[in-house]
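Here is the structure we will look at.
The values are calculated or read from the model by the stated rules, or taken from the named source; none is laboratory data. What you see is a predicted model; the values in this text were computed from it and never measured. Reconstructed Cβ throughout: ideal geometry from the backbone, glycine too, with neighbour counts over all protein chains shown. The accessibility values were calculated without ligands, DNA or RNA, using every heavy atom of the protein model including side chains. Shrake-Rupley method; radii C 1.70, N 1.55, O 1.52, S 1.80 Å.
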Amino acid sequence: MENNFDVIIIGGSYAGLSAGMSLGRSLRKVLIIDSGKPCNQQTPYSHNFLTQDGKTPKEITEVSREQVLKYETVNFYDGRVTKAAQNSGGFEVETENGEKFSAKKLILASGVKDQIPDIDGFAECWGISVIHCPYCHGYEVKDKTTGLLSNGDLAFEFSKLVFNLSKDLTLFTNGESTLNEQQTEKFNQNKINIIQEEIQRIVHENGQIQKVILKDGSEKELEALYAKIPFEQNLNTEDLQLELTEHGFIKIDHFHKTNTDGVFACGDNTTMMRSVANAVAQGNFTGAIVNKELSEEGF
């Protein structure tokens, strides 16, 4: 494989592959670098994506990669980027085994890494019955005994979406509630129980939640638990001096440009709307914008 490309895409999941297809169809020399560890690797099925509803994430990825790599100018590298920096010709990236590649433009489709809380059983259930998105998973657990692990303003806003799907809802603040008086009253009006005791462990069977055990020894039976947990960027954004939003996402403009000229971003690393369909749409748009910029520079 050669080392110089028009575009390097860091991240080869849905956003990265979609951007790669746009660029491959525009005859751009593209390198997609991916380590094969998507955030939804435990999720059994993908939903809310036209033509792919109910498929497994692996199925969608395999078909997508096969279709993208049919374009002869698109290359795929199995590995992880550890460094990315500007150089005289654009950018240079280095992988964990020391290989270096350069390109005129960079697209960051590197996603985010969820910070799993220190609750026994949480990791095993994450993406299966402990879920993050009512649009991706909510229909499948509608009307079931449901919990929401969150607190404060975020819990209040998110609970509206969950309550639409299940009226048998309990909020676990996992510590002292930071809801204000009006928010607490609204929960009471809707008969949403608020439990402030911290969760000690989740009892499950093959990732299917059965109940939560609290630190005071009490327990609550559940069939699903939504969780709003913190995350971090998969890529070291300081190397490229990228600006982040107040919520920790890579800041982009309407054309998916970052504050560093020549660097674009798309997918989960830029938005709280984490879904396969949205990632594909963002990647498609970003690839087209990058091709337009290259076309203008080469005309």
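With angles folded into 0 to 90 degrees, how steeply does helix 152-165 sit against the dominant principal axis of the chain? Use alpha carbons for both and round to 10.
80
Given springs between every Cα pair under 10 Å in a Gaussian network model of the chain, which of HIS204, HIS137, HIS247 has the largest fluctuation?
HIS247
Tally the DSSP beta bridges in region 145-228 and give the antiparallel ones as a percent, rounded to 5.
On the way: 9 of 20 bridges.
The answer is about 45 percent antiparallel.
Give the calculated FRET efficiency between GLU238 and ASN193 to the nearest 0.05, with a Förster radius of 45 Å applied to their Cβ-Cβ distance.
0.55
Go ahead and estimate [θ] at 222 nm for the chain from helices alone: -39,500 (n - 2.57) per DSSP H run with n ≥ 4, summed, over the residue count, rounded to 500.
-8000 deg cm²/dmol, from helical runs alone.
Using only Cα atoms, find the angle between the long axis of helix 57-68 and the longest principal axis of the chain, and express it within 0 to 90 degrees, rounded to the nearest 10.
Computed tilt is about 10 degrees.
Counting other C-beta atoms within 10 Å, and keeping those with at most 11, which DSSP coil GluC sites (Glu not before Pro) do you find in region 20-121?
Here the GluC sites (Glu not before Pro) that fit, given the DSSP loop and packing criteria, are GLU72, GLU96.
Say the cut-off is 23 Å between C-alpha atoms; which of LYS55/LYS83; LYS191/LYS228; LYS29/LYS83; LYS167/LYS211 go over it?
Pairs exceeding the cut-off: LYS55/LYS83.
Could you tell me what percent of the DSSP beta bridges with both partners in region 8-122 are antiparallel, to the nearest 5?
50
Restricting things to alpha carbons, tell me how big the chain is in terms of Rg and Dmax, in Å.
In order Rg, Dmax, the Cα atoms of the chain give 21.2, 70 Å.
Rounding to the nearest 10 and keeping the result within 0 to 90°, find how far the Cα-based axis of helix 14-24 lies from the longest principal axis of the chain.
Approximately 20 degrees, to the nearest ten.
Tell me, what is the per residue accessible area of the chain in Å², probe radius 1.4 Å?
Heavy-atom SASA per residue in the chain reads 52 Å².
Rounded to the nearest percent, how much of the accessible area of the chain (1.4 Å probe, protein heavy atoms only) is carbon and sulfur? Let's see the in-between values first.
On the way: 7110 of 15490 Å².
Carbon and sulfur atoms account for 46 percent of the accessible area of the chain.
Under the Karplus relation 6.51 cos²θ - 1.76 cosθ + 1.60, θ = phi - 60°, what is the ordered set of whole-Hz ³J(HN,Hα) values for region 43-51, x standing for Gly and Pro?
Per-residue couplings from phi come out as 5, x, 9, 9, 9, 6, 9, 3, 6 Hz.
Enumerate the calculated ³J(HN,Hα) couplings along region 262-277 in order (Karplus 6.51 cos²θ - 1.76 cosθ + 1.60, θ = phi - 60°), each rounded to whole Hz, writing x wherever the residue is Gly or Pro.
With coefficients 6.51, -1.76 and 1.60, one gets x, 10, 10, 9, 7, x, 4, 6, 10, 8, 7, 7, 8, 8, 4, 4 Hz.
So how exposed is ASP268, as accessible area in Å² (1.4 Å probe, rounded to 10)?
Approximately 30 Å² of ASP268 is accessible to the 1.4 Å probe.
Among the lysines, which fall within straight-line cross-link reach of LYS37, defined as a Cα-Cα distance under 17 Å, with same-chain neighbours fewer than 8 residues apart omitted?
LYS58, LYS113
Kindly provide the trypsin sites (Lys or Arg not before Pro) of region 223-293 that DSSP labels as loop, not H, G, I, E or B, and whose Cβ sees at most 10 other Cβ atoms within 10 Å.
For trypsin sites (Lys or Arg not before Pro) across region 223-293 that sit outside H, G, I, E and B with at most 10 neighbouring Cβ atoms in 10 Å, the list is empty.
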